[in-house]
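To start, the structure under review is shown below, and the notes come after it.
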Amino acid sequence: MSPSDSHRDDPVGVAANAPAICSIRGLGRYLPERQLTNVDLEKVVDTSDEWIFQRTGIRSRRVMPEDWITSDLAVAAAQRALADADLPLTAIDQMILATVTPDHLCPSTACVVHHKLGMKNVPAFDISVACSGFGYALSIAAAGIVAGMHHNVLVIGAEAMTRFMNYEDRTSCILFGDGAGAAVVSKEGRFDLLYTDNGADGSMADMIEIPGGGSREPASEGTLQERRHFVVLRGREVFKSAVRQMSQSTRDAAEALGIQVSDIDWMVPHQANARIIEAVGEQLGLPAERVVVDLEDKGNTTAASIPIAFTGLYEQGRFEPGQLIALVGFGAGAAWSCQILRVRG
Ligand SMILES: CC(C)(COP(=O)(O)OP(=O)(O)OC[C@H]1O[C@@H](n2cnc3c(N)ncnc32)[C@H](O)[C@@H]1OP(=O)(O)O)[C@@H](O)C(=O)NCCC(=O)NCCS
């Protein structure tokens, strides 16, 4: 049964006619095969499979091959999105890569991906918005298309999170995994973008960080010894803020489109923790089968999590014409994102 059969008598009111800003024409994702399981982590830090699974819903996370770097993940996902969009590479006239785990601080990883894909001359750049990066990148792509500056924009979320884990810190190293997801954004496509809104609150900037290696704490023997080049977070605070903001973003989107939250057929939230996602679903009154949890064998892949979960459903053929999909992100910054898409008929 599709979710829409269970909750909707009429086609969605205003959103059924809402004009499309632009559209997603193709989707792709890449997940490394190797799994780092909770049982593997039990041998490294003082934790247990039971604790991790109960508190997060995660059983294992992906780890890319040792000789891979973030740009390799991005290329693999991008090639699949391009094939799905059925467009030649030469049709792409902008590329945006969302990542907080770049190949290096300078130059952008987008430029490395550009070269590996064989692109010529078109603009390419990184954005650093952590778990909301894919939503922000979609917005930038949409703006360029609406302005008539671009026709087909390649948007990628790619993360090598396991390279930035402190495997002596059980509060963070259990959470994250590697992966990439990509979308080709065009005027016409499979998923019409009806709404996009993003936000940030910099007062929460120290809630999740990689403190060392930037201008505040340049790399030094001290930063290495103190393991300042890895992710640190205050998980409980993130948890509460994520539930509050993701629920609010979804309510705001529904109001702006003149629909009820219950009109949303699929909620594809950032995959940080199954309990966060379940709490958001409960706050919004959405049935669990419409709120996507896709982290048991992936962990949190930061900017890649939303396109990975979205592409997974798409590849399984789960979407039906007219359905509404909410992509909702929250993470470091704090920064959040919300996009509403309608499946083309
Ligand atoms: C990290 C997270 C799983 C912790 O779950 P929690 O229920 O909030 O647990 P707490 O942090 O309150 O810790 C509870 C206890 O478990 C312990 N603990 C923490 N990590 C543990 C682990 N891996 N294994 C076993 N025990 C652990 C803590 O030390 C604490 O012990 P104490 O009570 O003796 O002090 C959860 O808060 C979370 O997922 N937060 C969001 C994650 C995030 O920031 N993601 C990135 C951005 S989206």
Antiparallel bridge percentage (DSSP; both residues within the chain; nearest 5): 75 percent
Area accessible to solvent at Glu226, 1.4 Å probe radius, in Å²: 130 Å²
Segments 270-277, 79-86 sorted - mean Cβ within 10 Å per residue, highest first: 270-277, 79-86
How much accessible area does Phe330 have with a 1.4 Å probe, in Å² rounded to the nearest 10? 10 Å²
Any idea how far apart Asp67 and Glu221 come out in nm if each label point goes 7 Å out from Cα toward Cβ? 3.4 nm
What lysines does Lys240 reach when the alpha-carbon gap must be under 27 Å and sequence neighbours fewer than 8 apart in one chain are set aside? Lys298
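The values are calculated or read from the model by the stated rules, or taken from the named source; none is laboratory data. None of these values were measured; they are calculated from a predicted model. Positions of Cβ are backbone-derived with ideal geometry, glycine not excepted, and every protein chain shown enters the neighbour counts. Please note that ligands, DNA and RNA were not included when accessible areas were found on the heavy atoms of the full protein model with its side chains. Shrake-Rupley method; radii C 1.70, N 1.55, O 1.52, S 1.80 Å.
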